[in-house]
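Remarks on the structure that follows.
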């Protein structure tokens, strides 16, 4: 496998992951709004109840933070392995400019990916603190 093939697939996987998390948010968030049956005109005619399918999460932000924790458990070791592999590329380059350039690019991509993943958790926690502050 070439480095270009690896980078293309890694970027595709990251983009797909973000779109999947977005899609979950778009399709799961209306469920909480539509499931409210108390106080409306239809509440007098019949009793309608939907159990929470995601367990003990009271809101969408808590669910996203738990999903990010799971992603961190998976992605954390992958980042560590990629950093080790990048170090291996630096060591085996032995002054070869093209191999050094490849190693530097890979290091940059690993650091950017790690920053995005860690930044997502920080942003989610900031949103949760803001929402909790409003209520």
Margin query: Whether any residue in region 2-10 is within 30 Å of residue 125 (Cβ to Cβ), loosely packed, with under 11 Cβ neighbours inside 10 Å and at pLDDT 70 or above is what I want to check.
Written below: no
Checklist line | Residue in region 29-37 that is at pLDDT below 80, in contact with a helix residue (DSSP H, G or I) (Cβ under 9 Å, 6 or more places away or on another chain), on the phi < 0 side of the Ramachandran plot and in a helix (DSSP H, G or I) present | finding: yes
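Pick out the one residue from 73, 100 that is part of a helix (DSSP H, G or I), in contact with a helix residue (DSSP H, G or I) (Cβ under 8 Å, 6 or more places away or on another chain) and at pLDDT 80 or above. Can you show your working first?
Working: 73 fails: in contact with a helix residue (DSSP H, G or I) (Cβ under 8 Å, 6 or more places away or on another chain).
Answer to the check: 100.
Considering only region 76-105, state which residues are under 21 Å from the mean Cα position of the chain (by Cα) and surrounded by 15 or more Cβ atoms within 10 Å (Cβ to Cβ). Show your work before the answer.
If we filter region 76-105 for residues that are under 21 Å from the mean Cα position of the chain (by Cα), which is where we start, we get 76-83.
Answer for region 76-105, where residues must be under 21 Å from the mean Cα position of the chain (by Cα) and surrounded by 15 or more Cβ atoms within 10 Å (Cβ to Cβ): 79, 82, 83.
The values are calculated or read from the model by the stated rules, or taken from the named source; none is laboratory data. All of these numbers come straight from a predicted model, not from anything done at the bench. Positions of Cβ are generated from backbone atoms using ideal geometry, with glycine treated the same way; all protein chains shown enter the neighbour counts.
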